[in-house]
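Have a look at the structure below, then the notes.
The values are calculated or read from the model by the stated rules, or taken from the named source; none is laboratory data. The structure displayed is predicted, hence computed values, not measured ones. With ideal geometry, Cβ positions are generated from the backbone for all residues, glycine too; neighbour counts draw on all protein chains shown. These area figures cover heavy atoms from the full protein model, side chains too; ligands, DNA and RNA do not enter into them. Shrake-Rupley method; radii C 1.70, N 1.55, O 1.52, S 1.80 Å.
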Amino acid sequence: QKAQIGVTGLAVMGANLARNFARHGYTVALHNRSVSKTDALLEAHGSEGNFIRTETLQELVDSLETPRRILVMVKAGAPVDAVIEQLVPLLEKDDIIIDGGNSYFQDTRRRERELAAQGIDFVGVGVSGGEEGALLGPSIMPGGPRKSYDALGPLLEDIAAKAEDGKPCCAWIDTDGAGHFVKMVHNGIEYADMQVIGEAHELLRAVAGLEPGEQAEVFEQWNTTELASYLIEITAHVLRQVDARTGAPLIDVIVDAAGQKGTGRWTVQEALELGSPVTAIAESVFARALSSAEPEMRLEAQRVLPAGIGGTTEDVVHDPEFVEDVRKALYASKLVSYAQGLDMLTMAGAEYGWDLDLATIASLWREGCIIRAQLLEVIMEAYQGEAAPANLLFAPQFVAAIEDALPSWRRVVARAVERGIPAPVFASTLNYYDSLRRPRLNAALTQGLRDYFGAHTYRRTDDAEGVYHTLWSGDRSEVVA
Ligand code: NDP
């Protein structure tokens, strides 16, 4: 019997995806560069389904029905190219190589182009949900040639997470790197979700005086509101955890230096290329950098830099209204963060020729991935139907939600600023919101200055066509540029 799918790269992700396929009744051919991983997997889980053990890529290829479907789950970067290079001579036209790792989308675009020239379909697939998701049902974002999805889609949809309406969290995104691009932005949004939860946590403590254990109850309650989500749920778990060694809340013994593996940074780098103002994601990436990049500088800053008026951590106010303000601010900030991320997808679609369906994309994030949340159901609905909003915030239900949250949001940001408590995402999302709706931006002065020192020209409000320059170092008359 031939296998319907082959998996090469059997570290945690590959092994769990292979098991997931097998548990869904597929015969799965297994391959790993070092055979010991293959054998370890078979030893521990071989009874879960039909597996074919292979030692070489030739054996892997020979064990598969055609067109072959080979899922590559090796380390992102050069290893993916190395595996492709070894596979291609063994394959036939219309075989499909699937890269399910966290590959950079530009690499995926290049690989699809190169392989298409050789008649091989290359599909870059964003897989989210970590180790557990891979086994029990991840959120899956496949790109690649449309025709390959006919042969591949049904398998991926089988192993994907299922949303409440029963639909799989897997759908074709668009050609070449679209799947990996959407996965990258998903990770960026995840950074912002976590950062803004962190800001709420800090304000609840510094302003409202709530200890971690008390906060766990607050987050648990918030998880029954429109904030309901996996990250809010596990925030309560982390805040409730007591350190066995010291008896202190675990959160107080964890070093406050956040790590990152790079997908947030990619999102911001790409946003800069596109000119897409994803301020929430950028602030989140920078917040992690500030927390960890220069620890000595942080220590010196604590010694030498003054707090200024109000910038003390005393006068705690046990004020339930403030707690509710933080909840509403968190929701509003989260909405802006999603609006920014989805807008980045639209801009990328225009740049790379993808027709990205935001309702579908939101629907894929409803289950299986780290940012899964009730909100995604509402976002999906906002983009369904005839008149999709140009910006998520314009959807009537979100206009109403922001209107309700605004007084709280402004109070929270003001309080944080007064008290010297950093809240970069609460503040930057509010700045974005206020900038977006402001009739005139101070960009006019920027243009005036650029024209002054660099003759960069400007346009006039009373002339849609013309480009002008003022002779700043001459008689200061205006000329048509
Ligand atoms: P790793 O990223 O740790 O990669 C290890 C695997 O890559 C091993 O099977 C290893 O083989 C293989 N490998 C490395 N170099 C080569 C090479 N030159 N040729 C052939 N095989 C090679 O594994 P993970 O399972 O953690 O992740 C796989 C992919 O999934 C990555 O792109 C990762 O970013 C992504 N991902 C991971 C998530 C996670 O939670 N871990 C979540 C979502 C995506 P060998 O055993 O022989 O060394």
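Using a cut-off of 19 Å between alpha-carbon atoms, which lysines can reach Lys334, once sequence neighbours fewer than 8 places away in the same chain are excluded? Candidates past the 8-residue exclusion: Lys183. Relative to the longest principal axis of the Cα atoms of the chain, helix 443-454 runs at roughly 90 degrees. Computed from Cα atoms, the angle from the helix 78-87 axis to the main principal axis of the chain rounds to 30 degrees.
Within the range 65-147, DSSP assigns beta bridges of which about 35% are antiparallel (rounded to the nearest 5). A straight chain from Leu136 to Gln260 at 0.36 nm per residue would run longer than the Cα-Cα distance by 42.2 nm. When only DSSP loop residues count, what trypsin sites (Lys or Arg not before Pro) in the range 377-471 have their Cβ near at most 10 other Cβ atoms within 10 Å? Passing sites in the range 377-471 are Arg440. Of interest is the spacing of the C-alpha centroids, which for the range 18-49 and the range 182-213 amounts to 38 Å.
Model label sites at Gln397 and Val238, defined 7 Å from Cα along the beta-carbon direction, differ in position by 2.8 nm.
Each DSSP beta bridge with both residues in the range 1-158 is either parallel or antiparallel, and the antiparallel ones are about 15%.
If you count the DSSP beta bridges with both ends in the chain, what percent of them are antiparallel, to the nearest 5? Walk me through the intermediate numbers first.
Numbers: 12 of 32 bridges.
Bridges in the chain that DSSP calls antiparallel: roughly 40 percent.
Proximity of backbone amide H atoms, modeled 1.01 Å from N, is registered between Arg372 and Tyr230 at under 5 Å, excluding neighbours fewer than 5 places apart on the same chain. With a Förster radius of 41 Å applied to the beta-carbon distance between Thr224 and Val479, the computed FRET efficiency rounds to 0.05. Taking the protein heavy atoms of the chain in the context of the full set of protein chains, the accessible area attributed to carbon and sulfur is 53 percent at 1.4 Å. Taking packing as the residue-averaged number of other Cβ atoms within 10 angstrom, the listed peptides 357-364, 136-143, 242-249, 150-157 run from highest to lowest as 136-143, 357-364, 150-157, 242-249. When each of the peptides 57-64, 33-40 is scored by how many other beta carbons lie within 10 Å of its residues on average, the order from highest to lowest is 57-64, 33-40.
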